[in-house]
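Report on one structure; see the data block that follows.
The values are calculated or read from the model by the stated rules, or taken from the named source; none is laboratory data. As the structure is a computational prediction, the values presented were derived from the model and not from experiment. Positions of Cβ are generated from backbone atoms using ideal geometry, with glycine treated the same way; all protein chains shown enter the neighbour counts. Remember, those area values only see protein heavy atoms, side chains included, never the ligands or the DNA or RNA. Shrake-Rupley method; radii C 1.70, N 1.55, O 1.52, S 1.80 Å.
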Amino acid sequence: MLKYILKRIFLVFFVVIGVTIVTFSTMHFAPGDPAEVIAVARYGDDLTQEQIDWVRVTEGFDSPVYIQYLKWIKHVSRLDLGRSLVTSHDILEEITIRLPATFKLAVSSLVISLCIAIPAGIISAVRKNTIIDHLCMSAALLGVSIPNFWLGLLLIWLFSLTLHLFPSYGYGGCEHLVLPAITLGTSMAAITTRLTRSSMLDVLNQEYIVTAKAKGLDEKTIILRHALKNAMLPVITFAGLQLGFLLGGAVIVETIFAWPGIGKLLVDSIYARDFAMVQGCVLFIAVLFAFTNLIVDITYAFLDPRIRYEKT
Amino acid sequence: MKKLNDIRNILKEAGNNRMAAIGGAIVILLVLIAILASLLSPHDPFEQKLENRLLNPCFEYPFGTDNLGRCIFSRLIFGTRYSLAIGVVVVGITASVGTTLGIVSGYSRGIIDETLMRIVDIVLAFPGIILALVIAGILGPSFLNVVIAISLTHWPAYTRLVRGITLSLREKEFIEGARALRASNIYIMRRHILPNCINPIIVLATLDIAHAIIFATGLSFLGLGIQPPTPEWGSMLKAGIPYFRISPHLTFFPGTAIMVTVMAFNFLGDGLRDMIDPKINEIILVSE
């Protein structure tokens, strides 16, 4: 158990280093001279060669790549992600300001998706190959196939423009949260429903369920007390992964609904060619994702006695 | 009872096949539309007639016209080419690269395997569309860059899938037999391991085309993919948003086109999966 956890932690450490290298090189090998990009952001389009050279020297772009990387890592390890090229605000601060919005959206859409997916998945597994099962599975397939942006626009059209129930964009009260959360929640529910169904079917075929049936227990007890617990393991793991995924900002949904989260910050920085901010966001998102995955893995190990009691 | 089960199984099989059949039929139709686009479209997809702007669907313009007076129906027909091309090219690249790496990784094990798997971990550490978005954003918007961005993020799924299969195969007797006959490693990988991976790869690839199309239209929708005036569905959708209130048909038809195409590939992939081997279900589900 301890060995397993230590191994996971070591791997995450490794992944994080890899992530910093990928992030750094993506920005570094971007076409165009980074010094010029920064100079444009600082002094406007009307540049002299001296200004570009000045930026190159002061920002250290004239030193070898690995030195630049090590320098950057030194800053990053002190939680200093640098400053935005456009607004010159502190990048980490800018990201943490956006965190609550992203967090709110992530949690509420996860709740919506689980509320739909778990009952739907269980029912379709228990009533396999009936009308209900086929309906749920068709709905899930439809949900997997609808792109987020299209579902979001349809919801805006129906609930905002036609029925005037909810605002179509913005941030503030609960009414602003409804449409983006439903958009994200339903499309995630589609995958989770399928996972719940297949996991439940697996469990229902196990011998201990057959034993329970042979003992004459009624169906409700078998499903709720015996099958559900084991069937939920992969679902909960998957939900954890999805949460990590969502905390990285639902880029498209946040953009459609003008939701001021990390995803929108990332897209806006790409539009503004604010590469420092893009770099900071991507690094933050990936590291956050890696750590949520770690937590999910460890939780899974605790929940699953097969791993918990492993002696190795 | 047994008979009842048999009938049920047959019905289920038929149901699955029907799903694959519907998906396959739509895919073939889409391919035909893409090939015959210039014959099928009633208007030039680029031709602007400003006096006809924002027309509702009518006899001459079945899906209406956009803000520049272009025929939406014709633009959608030409748009089929871009989405299908991106899906097929991306999957062609990722499936062949990912599979090769997966076989090499699983077969050689040791340091090569360890290195490749850590690289896979690192790529998968970037959630969803983020990495593709940033790559496309940095390289600048174009067809080629969209393909590069999506390919770079999609190959690990194949590597993981194929590696898993290879690991279980390499202990099998027929591989040992081949080795005893002094078959070269490359020969074993190509003639004995690859054929056993093909079925799951086909399923994953079919579903991946759907995924790549969602990614590509999503990138265009954000303005980081294929640019207007190219009649690409995602960018048409984006261009329709300012007119959403007065002329929803500008967004409705491209959105539906994306959904139908993605659904067709998902239907086909799901049907194939059930027909080929329901056991690979989980692997692919998780890799989505």
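For region A:35-157, take the alpha-carbon Rg, divide it by the Kirkwood Rh, and send me Rg/Rh.
1.27
For chain A, what is the relative contact order in percent, using Cα pairs closer than 8 Å and at least 6 residues apart in sequence?
Taking the mean separation of contacting Cα pairs over the length of chain A, I get 25 percent.
In terms of modelled amide H atoms, which long-range or inter-chain residues lie less than 5 Å from the amide H of B:H43?
Sorted by chain and number, the residues that satisfy this are B:S74.
Under the Kirkwood approximation applied to all pairs of distinct alpha-carbon atoms, what is the hydrodynamic radius of chain A in Å?
Result for chain A, one decimal place: 22.5 Å.
Enumerate the amide H contacts of A:D274 below 5 Å, restricted to partners 5 or more residues apart or on another chain; note that Pro and chain-start residues carry no placed amide H.
The list, which skips near neighbours in sequence, is empty: none.
Using 7 Å Cα-to-Cβ label points, what is the B:N199/A:Q49 separation (nm, one decimal)?
6.7
Check each residue of region B:131-154 and keep those whose accessible area, probe 1.4 Å, is at least 10 Å² smaller with all protein chains in place than in the chain alone; give them in order of residue number.
Output list: B:L131, B:L133, B:V134, B:I135, B:G137, B:I138, B:L139.
Normalised by the number of residues in region B:61-216, what is the relative contact order in percent for Cα pairs under 8 Å and 6+ residues apart?
Rounded, it is 33 percent for region B:61-216.
Can you sort B:D44, B:D113 by 1.4 Å-probe accessible area, starting with the largest?
From most exposed to least exposed: B:D44, B:D113.
For region A:94-218, what is the Kirkwood hydrodynamic radius in Å, using each pair of distinct C-alpha atoms?
16.5
Could you work out, for region B:184-280, what percent of all Cα-Cα pairs fall into each 10 Å distance bin, beginning at 0 Å and stopping at the bin that holds the largest distance?
Whole-percent P(r) values from 0 Å outward: 16, 31, 23, 17, 10, 3, 0.
From Cα coordinates alone, what are the radius of gyration and Dmax values for region B:85-176 in angstrom?
My reading of the Cα-based Rg and Dmax gives 15.0, 51 Å.
How much of the accessible area of region A:64-105, in percent, comes from carbon and sulfur atoms when a 1.4 Å probe is used?
Whole-percent figure for carbon plus sulfur exposure: 66.
Given a 1.4 Å probe, how much area per residue of region A:95-307 is accessible, in Å²?
42
Chains A and B: how much accessible area gets covered up at their contact, both sides added, probe 1.4 Å, in Å² to the nearest hundred?
Adding both sides of the contact gives about 4100 Å².
Roughly speaking, to the nearest percent, how much of region B:78-279's 1.4 Å accessible area is carbon and sulfur?
Roughly 66 percent, rounded to a whole number.
At 222 nm, what helix-only mean residue ellipticity would chain B give, in deg cm²/dmol to the nearest 500, using -39500 (n - 2.57) for each DSSP H run of four or more?
-24500 deg cm²/dmol
Which aspartates and glutamates have a Cα less than 20 Å from the Cα of B:K238, not counting those fewer than 8 places away in the same chain?
A:E254, A:D268, B:E47, B:D66
Semi-axes, largest first, in whole Å: what does sqrt of 5 times each Cα gyration tensor eigenvalue give for region B:130-174?
In descending order, the three semi-axes are 35, 9, 5 Å.
Among B:L116, B:M189, B:V260, which residue has its Cα positioned farthest towards the positive end of the charge dipole of region B:78-279, with +1 placed on the Cβ of Lys and Arg, -1 on the Cβ of Asp and Glu, and the dipole taken about the Cα centre?
B:M189
Using C-alpha positions alone, give me the convex hull volume of region B:48-92 per residue in cubic angstrom.
65
Just report the Cα centroid separation between region A:8-40 and region B:92-146, whole Å.
16
Mean Kyte-Doolittle of at least -0.5 plus a Cα span of 15 Å or more along the axis: flag which DSSP H helices in chain A meet both, please.
Result, helices passing both filters: A:2-28, A:65-77, A:91-126, A:131-145, A:174-204, A:228-247, A:275-303.
From the alpha carbon gyration tensor of region A:191-236, can you work out the equivalent ellipsoid semi-axes (sqrt of 5 times each eigenvalue) and give them in Å, largest to smallest?
The answer is 20, 9, 8 Å, longest axis first.
Local charge sum around A:I222 (other residues, Cβ-Cβ under 10 Å, Lys/Arg +1, Asp/Glu -1)?
Combined, the nearby Lys, Arg, Asp and Glu give +2.
Ignoring everything except DSSP H segments at least 4 long, calculate the 222 nm mean residue ellipticity for chain A; use -39,500 (n - 2.57) per segment, divide by total residues, nearest 500.
-24000 deg cm²/dmol
Check each residue of region A:154-182 and keep those whose accessible area, probe 1.4 Å, is at least 40 Å² smaller with all protein chains in place than in the chain alone; give them in order of residue number.
A:W157, A:L161
Express in Å², to the nearest 10, the accessible area of A:L70 obtained by rolling a 1.4 Å probe over the protein heavy atoms while all chains stay in place.
Only protein atoms counted, so the area is about 100 Å².
Taking only protein heavy atoms and a 1.4 Å probe, what accessible area per residue, in Å², does chain B have with all protein chains in place?
Using a 1.4 Å probe on heavy atoms only, each residue of chain B averages 45 Å².
Can you tell me the relative contact order of chain B? Whole percent, Cα pairs under 8 Å, sequence separation 6 or more.
The value is 26 percent.
Run through every distinct alpha carbon pair of the protein assembly as shown and return the Kirkwood hydrodynamic radius in angstroms, one decimal place.
The answer is 26.2 Å.
Work through the residues other than B:W233 whose Cβ is under 11 Å from its Cβ and net out their charges, Lys, Arg +1 and Asp, Glu -1.
+2
Any number yet on Rg/Rh for region A:2-77, C-alpha, Kirkwood?
The Rg/Rh ratio comes out at 1.18.
Taking only Cα atoms of region B:78-279, what ratio of Rg to Rh do you get with Rh as the Kirkwood inverse-distance radius?
Radius of gyration relative to Kirkwood radius: 1.08.
So how many Lys-Lys pairs in region A:95-307 land under 25 Å Cα to Cα, not counting same-chain pairs under 8 apart?
Step by step, the pairs that qualify in region A:95-307 add up to 8.
Evaluate the charge dipole of region A:97-242 about its Cα centre and quote only its size in Debye, nearest 20, assuming +1 on the Cβ of each Lys and Arg and -1 on the Cβ of each Asp and Glu.
Dipole of region A:97-242, to the nearest 20 debye: 220 debye.
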